[in-house]
Amino acid sequence: MAIVRAGSVDLEYQERAPSGEARETPFVLVHGYRSSHRIWDTMQDDLASRGYRSVAISMRGAAGSDRSEADEDYAPVNFSRDLAAAVDALGLGRFILAGHSLGARTVMHYARDHADRLAGLVLMSGGSLAPRAEMTAEQRARWLANIEGYPGNINRDYWGHEHTGLKPEVRAALWEDWQRVPQARMRGAQSLPEDLQPALRSMAVPTLVIFGDQDRTVPPGSSAEGYLELPRDVRHLHVFHGVDHSPNAVVPDRCAGVFDRFARNACGV
């Protein structure tokens, strides 16, 4: 895998390009909470077959990317700063930016601050992006206990169900990435919370919201709420029926087709 220097950290990334001439506007792909760039692997192949270059980046603490000690380093707002440094270091001009799950918060922070760099934005299974409710003491204790029990408490059958669209060797490597997630990264998801709905309401970039109607991680209704916050003239929606939280790793070919239509019809690529 390749490494890019993003400010103070090295981030692992995977780039794919078509065998022939690539379309002018690439995709930049950002994973979620415990995942890595590998979750996009099959989709990157499918996008390349449709003429798109893509770059999938592992945020700090994921796969071979650098780690740091402070919980807040793993907050979405700080992931977005790493992302900004990475795309600049890679020399990317305008691109379509996609974020899955917690990655939707990361890319929304980036879109708020760097909308001029974006031809389009994709929010996949990201929920409403409203501020998270303050946890009660009991909820926080359960949440911290869950983190302390990680990775041994992963439901392997459910995890496998959510990654059926990946090649076996990629799925095995992604599973290992999950085992190595630092606990600071999981705690950091709750650090520096921010209400991103005002940014949704003022969005001027074409924005596609995608989710599965069987999502058991982020309720489908929450992602629909996020869609409805967007201005009518920029918002686009696709719902995968019978799909859970990770369309990019379960139905990657269909997901790539949706990305392609969005790029051509909404972003003018």
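The values are calculated or read from the model by the stated rules, or taken from the named source; none is laboratory data. Small disclaimer: the values here were computed from a predicted structure and weren't measured. Counting neighbours? That spans all protein chains shown, and the Cβs are built from the backbone with ideal geometry, glycine included. Note: accessible area is taken over every heavy atom of the protein model, side chains too, but ligands, DNA and RNA are not part of it. Shrake-Rupley method; radii C 1.70, N 1.55, O 1.52, S 1.80 Å.
With viscosity 1.002 mPa s and temperature 20 °C, the Kirkwood radius over alpha carbon pairs of segment 27-82 converts through Stokes-Einstein to a diffusion coefficient of 177 µm²/s.
When only the Cβ of Lys, Arg, Asp and Glu is charged (+1, +1, -1, -1), the dipole of the chain relative to its Cα centre reaches about 320 debye. Within segment 132-269, the percentage of alpha carbon pairs spaced more than 20 angstrom apart rounds to 62%. In segment 117-168, the C-alpha radius of gyration followed by the widest Cα-Cα span (Dmax) gives 16.5, 43 angstrom. Measuring nothing but alpha carbons in the chain and taking Rh as the Kirkwood radius, the Rg to Rh ratio lands at 0.93. Across segment 255-261, rounded Karplus estimates of 3J(HN,Hα) from the backbone phi angles (6.51 cos²θ - 1.76 cosθ + 1.60, θ = phi - 60°) give 5, 4, x, 5, 4, 4, 5 Hz, Gly and Pro being marked x. Between R235, R216, R67, the GNM of the chain built on Cα springs shorter than 10 angstrom shows R216 fluctuating the most.
Across q = 0.18, 0.30, 0.35 Å⁻¹, segment 152-192 modelled as identical point scatterers on its alpha-carbon atoms has Debye log10 I(q)/I(0) values of -0.61, -1.04, -1.16, in the order of the q list. For segment 135-150, no residue has its backbone nitrogen under 19 Å from a point 7 Å from the Cα of E69, taken along Cα to Cβ. Taking Cα centre as origin and charging only the Cβ of basic (Lys, Arg, +1) and acidic (Asp, Glu, -1) residues, the dipole magnitude of segment 208-269 rounds to 180 debye. Across the options N155, N78, H100, the greatest Cα extent toward the positive end of the charge dipole of the chain (unit charges at beta carbon of Lys, Arg, Asp, Glu) belongs to H100. Spin-label model, R254/I3: points 7 Å from Cα along the beta carbon direction are separated by 3.9 nm. Shown are H236, H161, whose ranking by accessible area with a 1.4 Å probe and every protein chain present, most to least, is H161, H236. Remark on segment 1-127: hydrodynamic radius 14.3 angstrom, per the Kirkwood mean of 1/r across alpha carbon pairs. Taking all protein chains into account, the per residue accessible area for the chain stands at 41 Å² (1.4 Å probe). Karplus-derived 3J(HN,Hα) values for segment 97-107, using 6.51 cos²θ - 1.76 cosθ + 1.60 with θ = phi - 60°, are 10, 10, x, 10, 6, 4, x, 5, 5, 4, 6 Hz; glycine and proline are entered as x.
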